[in-house]
Amino acid sequence: MSSARFSSGVAACLLTVIAHGAEPLAGAALDEARALRARALADDTAYELVRSLTTEVGPRLAGSPGDAAAVAWALDKLKALGFSNVRAEPVTVPRWIRGEARAEITAPWLQTLAVAALGGSVATPAEGIEAEVVPVTTLEELKAQPRERIAGRIVFFTARMQPSLDGGGYETTVPPRGTGAAESAKLGAVAMVMRSAGTSVSRTPHTGAQRYVDGIPPIPAFALSNPDADMLEQQLASGRPVRLKLSNTSRWDGEAQSANVIGEIPGRSHQQEVIVLGAHLDSWDLGTGAHDDATGVGIIAAAAKLIGESKRRPKRTIRVVFYANEEFGLSGAKAYATAYKDQIDQHVLGLESDLGAFRPYGVAARVAPDKLPLVRTIQSVLEPLGVPYLGTEASGGADVGQLRKLGMPVMDLQTDAGPYFDLHHTANDTFDKVDPRLVQLNVAAFTVIAYLAAEAEGGFGRLPVASETAQ
Ligand SMILES: [Zn+2]
């Protein structure tokens, strides 16, 4: 802090407050956070990064040439933006190559459907698979079916995701995507199709990861767009047997090397203590991963860069982590958690941007209970952005949440998940959907939180270590 900026009276008053330990953030820090907020709202660094990553690199499926290009891109950009300790930490990722997927209804009435193979799906035989369709709503309903109703047939999961502000509908419709094919195979099904776990009303299916279980022969797995799932349901409503013909040429191709790309804005005094800002560098391959998660990459990099340009650098280091392979098994997050396990106590707070760049509507914090007043102070600087305090339901997100399980406190900026899940994992997730003003709003919120978290006296305490293993 520059004492010249304050009258001696104000400085004495602040010293008194700090001496009593009443306020972990000095008035000068709050002033600087407000100034950074204003700068972020006029800064286009993040939007330019999103444009560059989606245009010059494109889709970034783990283990693909685009993924490798993204790692090189990230190293270049972080260096060019003035980050310190820029590095790529190797991560081994699975490599799955999408082929071509087709689906058509062959009875009672012919109809060609818009479909995508789910990530990790095996291929069909070259001649395809044709069989009768059995609809079920949930995994539980499937598991209750007698084997003879499922064996030799194609299971169709019909549950529809309802749009919502917090994306809660995703959690309830996504389970069949993960294990629907494996559970169907246990009952002898020959393939699985699902209504997309997403809310697009276009004929654009939402892909996503699915996994098989050892010991059960894998069957092909597909997502239908919502309008195509509607068409299939219309035919089922006729009461006549409905048959689907499916083909798919995707395949597994071993493993590949990717990397977590990391850059830092060193703190002015407590350099070993870090505030982690996370986003993932990989994406699905149908679009260019604009909102999932190029915007996250842009938002956290721009927030850290703005803090680095501050004349009043915070005490702690801001560490930006672009995680490898979030989409297909959290490879980068698990590798980071393993590599930094011994330094977990120096990870003071984590934040993740992985819900696109949509309107922020609140902030939640999972910190030690006695640190909640500090969170309320930070939130007061977010108030002009329309970001109220929402409570303690914070996860840290898929990647940063791996560190929360080891005891690191987290804050979540909650953003409107409605439009996000229209685009998520579809061919429509492209740069034209990114609104520069909303990107700036997100950068402003991240900048404020990261700056004040890096400056706050005493930090945020620790969370109980979760007993469950990383998933
Ligand atoms: Zn994502």
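The values are calculated or read from the model by the stated rules, or taken from the named source; none is laboratory data. Note that the coordinates shown come from a computational prediction; the quantities given were computed from them, not determined experimentally. FYI the Cβ positions are ideal-geometry reconstructions off the backbone, even for glycines, and counts take in every protein chain you see.
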Mind checking which residues of region 414-470 are of a type in the set (Phe, Trp, Tyr) and closer than 30 Å to ASP285 by Cβ? TYR420, PHE421, PHE431, PHE446
Being in contact with a strand residue (DSSP E or B) (Cβ under 6 Å, 6 or more places away or on another chain), more than 16 Å from the ligand (Cβ to nearest atom) and small (Gly, Ala, Ser) is the filter here; which residues of region 306-349 pass it? GLY308, ALA335
Among the residues of region 231-284 satisfying the criterion of being free of Cβ contacts under 8 Å to residues at least 24 places away in the same chain and of a type outside the set (A, V, I, L, M), which is farthest from the ligand (Cβ to nearest atom)? GLY239
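Restrict the check to region 51-59 and report whether at least one residue is in contact with a Gly (Cβ under 8 Å, 6 or more places away or on another chain), at pLDDT 95 or above, surrounded by 13 or more Cβ atoms within 10 Å (Cβ to Cβ) and under 24 Å from LEU306 (Cα atoms).
The answer is yes; a qualifying residue exists.
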On the basis of being crowded, with 16+ Cβ neighbours inside 10 Å and at pLDDT 95 or above, does ASP76 make the cut? no
Answer residue from region 142-177, given it is over 28 Å from THR124 (Cα atoms) and part of a loop (DSSP other than H, G, I, E, B) and is farthest from the chain's Cα centre (by Cα) among those: GLN162
Can you pull out every residue in region 211-229 that is under 17 Å from ILE129 (Cβ atoms), crowded, with 21+ Cβ neighbours inside 10 Å and not aromatic (Phe, Trp, Tyr)? ILE219, PRO220, ALA221, ALA223, LEU224
Condition check for PHE358: buried (at least 19 other Cβ atoms within 10 Å of the Cβ), within 16 Å of the ligand (Cβ to nearest atom), at pLDDT below 95 and farther than 27 Å from GLY461 by Cβ: no
Please name all residue pairs, on different chains or six or more residues apart, with Cβ atoms under 7 Å, provided the first residue is in region 421-441 and is over 22 Å from GLU48 (Cβ atoms) and the second residue is in a helix (DSSP H, G or I). PHE421/TYR170; HIS424/ASP292; HIS425/ASP292
Quick check, is ALA223 in a strand (DSSP E or B), touching a helix residue (DSSP H, G or I) at 6+ places or on another chain (Cβ under 8 Å) and either small (Gly, Ala, Ser) or within 15 Å of the ligand (Cβ to nearest atom) (or both)? yes
Quickly run through region 285-305 and pick out the residues that are more than 14 Å from the ligand (Cβ to nearest atom), in contact with a Lys or Arg (Cβ under 9 Å, 6 or more places away or on another chain) and within 19 Å of VAL434 (Cα to Cα). ALA301
Can you tell which of GLU383, GLU393, GLU457 is of a type in the set (D, E, K, R), outside any strand (DSSP E or B) and touching a residue at least 60 places away in the same chain (Cβ under 8 Å)? GLU457
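Please go through region 261-304 and give me each residue that is part of a loop (DSSP other than H, G, I, E, B) and touching a Leu at 6+ places or on another chain (Cβ under 6 Å), ordered by number.
Passing the criteria: only ASP285.
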Any residue in region 320-343 that's within 20 Å of HIS424 (Cα to Cα): show its pairings with residues that are among the β-branched types (Val, Ile, Thr) and within 11 Å of the ligand (Cβ to nearest atom) at Cβ separation under 8 Å, as long as the two are six or more apart or on different chains. PHE322/VAL297
If a residue has to be surrounded by 18 or more Cβ atoms within 10 Å (Cβ to Cβ) and either farther than 20 Å from GLY459 by Cβ or within 16 Å of the ligand (Cβ to nearest atom) (or both) to count, how many in region 361-395 make the cut? 3
Given ALA398, ALA427, which one is assigned to a helix (DSSP H, G or I), over 20 Å from ALA444 (Cα atoms) and either more than 16 Å from the ligand (Cβ to nearest atom) or among the hydrophobic types (A, V, I, L, M, F, W, C) (or both)? ALA398
